[in-house]
Structure formats: C-alpha cells, structure tokens
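Working notes for the structure below.
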Amino acid sequence: MTRPGLRELKKRRTRDALLRTALELFTTKGFEETTVDEIVEAVDVSQRTFFRHFAGKQETAFAVPEMVEARFMRALCERPPGEPPFAALRGAVLDSWEAMNEAMAELIPVELHIRTYQMIESTPSLLAVHLHRSTELEARAARVLAEREGLDPDDPRPRVATAAFGGVMRAAGRLWATGEDASVESIRATTEEYLDHLGALAEDWHGGP
C-alpha cells in the first residue's frame, strides 16, 4: 500500500479541520445558525476550498455517519457464506465498530460524535435526512441479504430483518447518546443487549417454521 504524498496529506488535514470545525460550530451554535463563512474563517481557508471538499453544510453533518454506514455495508458483504441472515447483520455492525473505533478517534473526539448525533436528532431538517438515509441503508442491506440467501428480491424476510435491525440500532444510539459512558464499548454492549431481544430472526430461514 503506497503512502499518500504531501499534497494528499495536506488536503486530508484541511478536510478534517473543516469537518471538526463545522461539527463544533453546529453543536454549539446550531446547524441552521452556522454559516459556511464562519466555518472557513475559523479554519483560515476560502469558501472555494470548503466546496472542494464538501457539497455543503449537510454533507459535513453526515460525514461521520456515512463512514460508519460504508464500513458496515462492506462488513456485511464480507460475512461468511452460510451464516444466518440476522447473525450476519449483527456480526457486520459489531465488526465495523471495532474497525471504526480507532479511525473515528483520529478524526473527531467521541464526545463530539455524540453531540453531533444529538444535534441531528434535534434539528428537524437533519432528522428528516437521517431517517431517509436509514431507510435507504436498510434497503441496501436487505438486497445483500436476499442475494446471500438466494431469495427473490420481493421476499419480505430481508426487509423485515433489516427494518427490525435498523430500529434496534436507532434505539441503542439514542440511549448511548444520553448516557454517561461515551465509549464505543458502551454502544457495542447496549446494541448487543437490544439485539438479543430479536433472537427469533437469527434462526436459519431455510430450516422451516
């Protein structure tokens, strides 16, 4: 694997600085109240530089969730063949968090990630986007499950599984965001506890009723 050159490192550092600054401003001033001018002024770059890295404020608000979602989908596609569908979902999310823990800590503090989650949940325009993204993620995961199981795309079971899984993830995320323990280990434990209540979906779908 080749190491990035100085130019790429500079671009990455600028992007990371813009992201951290934007999230700090969003979570202290409010998303709607923060302007792009304020973000670039704090980082001492131009608006043109900001828009080379991000399409707008909304993209910065969802930059970290997008990283987590992308890692989860890769992990789901890489689960062992023959693993029951719900076990694959569970394993994918736990494995992806394990891999994201260090990467996310280098990008933004976990405490800022929690504040960003709370900000998204409390900002109507962002919450609507968040719920839409969650629905799209569930649909993509359902297609992966259907393909893994050799099922017809119209079979309802993959959609039911991913809808239930998505509901658990949102409930666990809200609980984590309001708790005292902000560690990745905490949300992992909370999610595992919540997922245990969906054990029936972990059964082999080809094993009969």
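Before moving on, here are some points about what is shown:
- Computed with a 1.4 Å probe over protein heavy atoms only, the accessible surface of the range 2-114 comes to 55 Å² per residue.
- Shape box of the range 116-183 [Cα atoms, principal axes, largest first, Å]: 42, 27, 14
- FRET efficiency, 1/(1 + (r/R0)^6) with R0 25 Å, evaluated for ARG140 and SER186 via beta carbons: 0.40
- Heavy-atom accessible area per residue - the range 125-195, 1.4 Å, Å²: 52
- Loop-resident sites, the range 142-190, for GluC sites (Glu not before Pro), counting at most 13 other Cβ within 10 Å (DSSP): GLU180
- FRET efficiency estimate (nearest 0.05) - Cβ-Cβ, GLU111 to THR14, R0 35 angstrom: 0.95
- FRET efficiency estimate (nearest 0.05) - Cβ-Cβ, ASP155 to ARG52, R0 45 angstrom: 0.55
- With the whole protein complex present, HIS197 retains an accessible surface near 150 Å², based on a 1.4 Å probe.
- Stretching GLU121 away from ALA171 to a fully extended chain increases their span by 16.8 nm, per 0.36 nm per residue minus the current alpha-carbon distance.
- Potential lengthening between LEU6 and THR178 on full extension [0.36 nm per residue; Cα-Cα distance subtracted]: 57.9 nm
- With q set to 0.09, 0.12, 0.13, 0.14 Å⁻¹, the log10 of I(q)/I(0) for the chain, from the Debye formula over equal scatterers at the Cα positions, is -0.41, -0.70, -0.80, -0.90.
The values are calculated or read from the model by the stated rules, or taken from the named source; none is laboratory data. These numbers come from a predicted model, not from an experiment. Every residue, glycine among them, receives a Cβ derived from its backbone with ideal geometry; neighbour counts consider all protein chains shown. These area figures cover heavy atoms from the full protein model, side chains too; ligands, DNA and RNA do not enter into them. Shrake-Rupley method; radii C 1.70, N 1.55, O 1.52, S 1.80 Å.
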